[in-house]
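Down below is the structure, laid out as structure tokens.
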Amino acid sequence: MSVTSTQRMLTGNKAVAEAIAQEMERDPRVFVMGEDVGRYGGIFGATEGLFQRFGGERVRDTPISETGFIGAAIGAAAEGMRPIGELMFVDFFGVCMDQIYNQMAKIHYMSGGNVRLPMVLMTAVGGGYSDAAQHSQTLYATFAHMPGLKVVAPATPYDLKGMMTSAIRDDNPVLLMFHKQLQGLGWMAPIDASVGVVPEEPYTVPLGQAKVVREGRDLTIVGLQMSVHWALTAAARLADEGIEAEVVDLRSLVPLDKQTVVNSVRKTHRLLVVDEDYLSYGMTAEIAAMVAEQALYDLDAPIRRLAVPDVPIPYSHNLEKFVLPNPEKIYKQAKELAEQ
Amino acid sequence: MAVPADKLKWMYETMIKIRHYEEAMVDAYGEGKYPVFNIGAGPVPGEMHLAAGQEPVAVGVCAHLRPDDTVTAPHRPHHHAIAKGVNLQRMTAEIFGKVDGLGKGKGGHMHLFDPEVKFSCGGIVAAGVPHAVGAALASTMQGRDSVAVAFIGEGAANAGAFHESLNLAALWKLPVIVVIEDNAYGISVPKPASTAVPTNEVRASAYGIPGVRVAGNDPVALYQVAQEAVDRARRGGGPTLIEVETDRYLGHFQGDPEVYRDKDEVVHLRQRDAIQAVRQQMVADGMATEEELQAMEQRAYQVVEEAYAFARQSPNPAGESALADVFAL
Ligand SMILES: Cc1ncc(C[n+]2csc(CCOP(=O)(O)OP(=O)(O)O)c2C)c(N)n1
Ligand SMILES: [Mg+2]
């Protein structure tokens, strides 16, 4: 068997870094700013090798001044640069939310479309390794709630590269969330999903298209990032028992691909939405409401939601395990739903 | 102004306690994480930021504090907690994620709260500085003479919260001391690459308050500087900014590959270890005999060992307890 470029395997972090490197080669306006993105290569490896290749002018370590450098990315984007900022953990949004919420997301609109902010803010999300309440959130909905931001959360190395490339080329501010466990880092529990086939040549994956990652007839499970992989594990077990789950990876929260979800629900007539974010006012609620609006009469059973039960992420292993979704919990919910 | 013998002995014993605590934590944290390092595994999972080498900062300042004075600490909090007199057994149980922990296993190593001795810390850089300002405000409004100390790293002195807090503290003349631990790095970024001025005490002038730098990781020099700052704050004389040059012997966190510094840098730093220097000084000054010192060391070790033993035997919290404590009842 000959090894072609399309069979090359990369970890999530290398896929992100490759997308950035290729766009930096292609477009001199692209540059990166963030804490420890230089020689260290990013705490989650998203800028691995970039400093060595492009130097400190275009791969800039910043002080711990998130308001300052994210605001500066906005200012530079307005002047024709295409900055990529890294907010090390999404949890740190609190110290710079004005720049994100009131500035980055609104300036295009407030200017009547006259000011463009072609920038990417990338950030690490997710828990499951006891990093506790201030370092384990996903906060998907916090950002998706705000009009004016594209918010994407790829679940595979292939999508990480393709969606990062799209994000950099997009003329809008894009928040790209990478999941820590899907970066394939040497210091986290290794999971298969953090390594995947990534073509070497540049390519794009459109922002705003969900993907059916497993076909099935009995119920639809909708998720993002880790919840997709958990759902796939659960689906394999359900299949052993004759229940065929269809799994939809949203990939993007804004724009939201409603059609793919609705099409799946029309086929399976049952819906379980899984989220590593908080339950209330979150993605699960949005999907449930959207399906209720567009496909209520296609449902054979009430919609189910599985998400973090409205508590901060606790530290201790037992406690964290209790609040986070996992394949076992998805399996149980899905089985009950399928038999309802 | 010499350090009184009882204070210096307390400082020495406390530094020994801290050092032993941190070294024991290196081992406890490492349990179950290898051969391939896995941050989420073992009895102490998650991130771990240790303060071996930074003991002088904690003891030089906390030697002047009372239980009713407030301390806020950052993500690297063990030395401050120990020097402030946090319940070591419950602190350790928290770090092991156990029910007897300060936060019943909900907080972990970066989020330790001991209201009994007015200690708190957190994982968001510079977030504790305004809390110290608020504690000082409360002290003033309640007619008390207690003070508040915020410890932060030199990297945190570039965060907005630091500057806003200093202005507020100066404006309202509050009894706050902000202590910057300059260990030369914010994770991988060396201070000159992040900070527009060579030393941070000069930033005090922007807020019209005294700023002092203590060089050489020297607990005795810091003791004296901190004495003046704490006395001034208690008298109603307002805030002080202190920057202390200190040494981080370990990685930013355990498991840090430390690609950003030479391996012999730490070897060199360890040669000026303050704990040994204080010990030698006490012997030279006839302040303590070898037997006394050994007794102190023995006591410090024992307290630490007991704390770890307590933590290990404490039960794990039941999963459902994750749902409690979101709101006060
Ligand atoms: C607001 C915020 N930004 C970034 C981080 C990530 N972070 C944790 S510790 C750290 C470096 C802190 O450096 P310093 O203040 O010098 O303290 P040290 O670690 O050296 O003790 C960074 C960037 C954070 N926790 N909070
Ligand atoms: Mg530092």
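The values are calculated or read from the model by the stated rules, or taken from the named source; none is laboratory data. Being a predicted model, the structure only gives us computed values, none of them experimental. Don't worry about glycine lacking a Cβ; one is built from the backbone with ideal geometry, like all the others, and counts go over all protein chains shown. Keep in mind that these areas ignore ligands, DNA and RNA; they rest on the heavy atoms of the full protein, side chains included. Shrake-Rupley method; radii C 1.70, N 1.55, O 1.52, S 1.80 Å.
With the helix formula -39500 (n - 2.57) applied to DSSP H stretches of n ≥ 4, chain B reaches a computed 222 nm mean residue ellipticity of -13000 deg cm²/dmol. A Förster radius of 35 Å, combined with the Cβ-Cβ distance separating B:Val283 from B:Arg261, puts the computed FRET efficiency at roughly 0.60. For A:Arg305, the residues 5 or more places off, or on other chains, whose built amide H falls under 5 Å of its own are A:Val273. Across the range A:270-281, computed HN-Hα scalar couplings (Karplus, 6.51 cos²θ - 1.76 cosθ + 1.60, θ = phi - 60°) run 9, 9, 10, 10, 10, 8, 8, 9, 5, 5, 6, 6 Hz from first to last residue, x flagging Gly and Pro. Sort out the exposed loop GluC sites (Glu not before Pro) in chain A (DSSP loop, at most 16 other Cβ within 10 Å) and tell me the longest stretch that has none. Of all site-free stretches, the longest is A:80-199. Considering every pair of different Cα atoms, what Kirkwood radius, in Å, is found for the range A:10-197? For the range A:10-197, the Kirkwood estimate is 16.2 Å. Of B:Ala81, B:Ala215, B:Ala157, the residue with the greatest mean-square motion in the GNM of chain B, using alpha carbon springs below 10 Å, is B:Ala215.
Leaving out ligands and nucleic acids, and using a 1.4 Å probe, what accessible area per residue does the protein assembly as shown come to in Å²?
38
Note on the range A:1-90: the alpha carbon radius of gyration divided by the globular reference 2.2 N^0.38 Å gives 1.16.
Taking Cα pairs under 8 Å and at least six residues apart, what relative contact order does the range B:208-329 come out at, in percent? Result for the range B:208-329 is 19 percent. Expressed to the nearest 5 percent, the antiparallel share of DSSP beta bridges inside the range A:201-340 is 20 percent.
For the protein assembly as shown, the share of accessible area belonging to carbon and sulfur comes to 54 percent (1.4 Å probe, ligands and nucleic acids excluded).
Expressed in units of 2.2 N^0.38 Å, where N is the residue count, the Cα radius of gyration of the protein assembly as shown is 1.01. Of all DSSP beta bridges in chain B, what percent run antiparallel (nearest 5)? For chain B, the DSSP antiparallel bridge percentage is about 15.
For the protein assembly as shown, the dipole from Cβ point charges (+1 on Lys and Arg, -1 on Asp and Glu) about the Cα centre works out to 960 debye, to the nearest 20.
Each principal axis of the Cα cloud of the range B:15-85 was evaluated for its coordinate range; sorted largest first, these ranges are 44, 21, 14 Å.
Cα convex hull, the range A:211-338: 95 Å³ per residue, rounded to a whole number. Remark on A:Gly85: its backbone amide H falls under 5 Å from those of A:Met33, A:Val120, A:Leu121, A:Met122, a criterion applied only to residues 5 or more positions apart or on other chains, H modelled at 1.01 Å from N. Along the range A:175-188 the Karplus relation, 6.51 cos²θ - 1.76 cosθ + 1.60 evaluated at θ = phi - 60°, assigns HN-Hα couplings of 9, 9, 9, 10, 8, 3, 6, 9, 7, x, 7, x, 9, 10 Hz to successive residues, with x for each Gly and Pro. Classify the range A:175-262 from the C-alpha gyration tensor, please: rounded if a/c falls under 1.5, else prolate or oblate depending on whether a/b exceeds b/c. Judged from the Cα gyration tensor, the range A:175-262 comes out oblate (a/c at least 1.5, b/c at or above a/b).
Here is what passes the span test in chain A: the DSSP H helices with alpha carbon length of 20 Å or more along the helix axis and a Kyte-Doolittle mean of -1.0 or above are A:12-26, A:226-240. Here's how it looks for B:Val214: its modeled amide H is under 5 Å from those of B:Glu243, B:Val244, B:Glu245, which are all 5 or more places away or on a different chain.
Nearest 100 Å², what total accessible surface is buried between chain B and chain A (probe 1.4 Å)?
Its buried surface, counting both partners, is about 3000 Å².
Counting only complete DSSP H runs, which helices of chain B cover 18 Å or more along their long axis at the Cα atoms and score a mean Kyte-Doolittle of -0.5 or above?
Taking the DSSP H segments of chain B (at least 18 Å long, mean hydropathy at least -0.5), we get B:128-141, B:219-234.
One way to sum up the overall shape of the range B:8-139 is the equivalent ellipsoid from its Cα gyration tensor, whose semi-axes run 25, 17, 13 Å, largest first. Roughly what percent of Cα-Cα pairs across chain B reach past 32 Å? Counting every Cα pair in chain B, those more than 32 Å apart make up 27 percent. Extension gain for B:Arg299-B:Val197 works out to 32.5 nm (0.36 nm per residue, less the C-alpha to C-alpha distance).
Annotation: for a label point projected 7 angstrom from Cα along Cα→Cβ of A:Arg26, residues of the range A:182-219 with backbone N closer than 16 Å are A:199-207. The stretch between B:Ala324 and B:Val26, if pulled fully straight at 0.36 nm per residue, gains 104.2 nm over its current Cα-Cα span. Placing a label point 7 Å from the Cα of A:Ser111 along the Cα-to-Cβ line, the residues of the range A:76-93 whose backbone N sits under 14 Å from it are A:76-83. Helical content alone sets the calculated 222 nm signal of chain A at -10000 deg cm²/dmol, taking -39,500 (n - 2.57) per DSSP H segment of four or more residues and averaging over every residue. For the pairs A:Lys335/B:Lys98; A:Lys180/A:Lys211; A:Lys321/B:Lys191, flag any whose C-alpha to C-alpha distance is greater than 28 Å. A:Lys335/B:Lys98; A:Lys321/B:Lys191, as the Cα separations exceed 28 Å there.
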